[in-house]
Amino acid sequence: MIIRSAVGVVVGLAVAIVGVLFFVWLLWWLWSHREEEKEAGAIEIEVRPPLPAAELPAVEAAAQEPTRAVEVPAEAPGPHGLAAPDDLKRIEGIGPKIADVLQTAGILTFAQLADADVSRLRQILQDADPRLLRLADPASWPEQAALAAAGQWEALAALQKELKVGRRT
């Protein structure tokens with residue numbers, strides 16, 4: 001019985017020593033790799049002299065050419081011939097979620113929103129998520145969008161002071 005307990009103590013000490021040595025080795029290994037990462041941070045940059053002016057005649061000619069201003073219409077078509085989308089969130093009662101729903105339904109601009117029927121807007125919201133109708137009332141959106149499409153931002157701001165979540169207060 002004494003031999004068994006003595007063997008148990010010796011094995012336990014051996015396991016403890018091996019564990020401590022492993023832990024010390026692991027700390028040493030992590031510490032040594034930390035130093036290598038610091039040294040590897042140096043970056044060499046090659047600096048080249050500028051090209052001679054004789055090699056850049058096209059660039060100089062383009063730089064001396066006068067530039068022309070190009071007029072872009074307010075409803076400039078986008079890359080696929082579609083109207084560039086407006087920020088519908090500028091309309092009182094339209095947040096990011098409702099703006100996404102309207103854009104998915106094809107209403108991308110203030111002009112399109114101004115031309116939309118209120119019943120159609122309600123149907124779009126109902127189809128997307130019935131809870132959206134509790135969040136906002138689309139009754140004033142066409143009126144607000146018409147002012148925004150016409151660029152009447154002061155009149156829009158005055159109207160929006162009378163609204164809360166798209167509803168007249």
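Some notes on this structure:
- Output for the stretch 95-111, where each listed residue is without any contact (Cβ under 8 Å) to a residue 12 or more places away in the chain and over 16 Å from residue 133 (Cα atoms): 106
- Number of residues in the stretch 123-141 that are without any contact (Cβ under 8 Å) to a residue 12 or more places away in the chain and in a loop (DSSP other than H, G, I, E, B): the value is 2.
- Among the candidates 114, 148, residue that is in contact (Cβ under 8 Å) with a residue 60 or more places away in the chain, out of contact with any strand residue (DSSP E or B) (no Cβ under 7 Å at 6 or more places or on another chain) and under 23 Å from residue 84 (Cα atoms): 148
- Here is the figure for the stretch 86-116: residues that are among the acidic types (Asp, Glu) and either in contact with a Cys (Cβ under 9 Å, 6 or more places away or on another chain) or over 19 Å from residue 163 (Cβ atoms) (or both) total 2.
- Flag for residue 127 being at negative phi, among the charged types (D, E, K, R) and touching a Lys or Arg at 6+ places or on another chain (Cβ under 7 Å): no
- Top-ranked residue of the stretch 79-96 - restricted to ones that are out of contact with any helix residue (DSSP H, G or I) (no Cβ under 7 Å at 6 or more places or on another chain) and surrounded by 13 or more Cβ atoms within 10 Å (Cβ to Cβ), ranked as modelled with the lowest pLDDT: 83
- When residues of the stretch 142-168 are limited to those that are within 23 Å of residue 97 (Cβ to Cβ) and outside any helix (DSSP H, G or I), the one modelled with the highest pLDDT: 163
The values are calculated or read from the model by the stated rules, or taken from the named source; none is laboratory data. A quick note: this is a predicted structure, and the numbers were derived from the prediction, not measured. Note: ideal-geometry Cβ built from the backbone for every residue, glycine included; neighbour counts use all protein chains shown.
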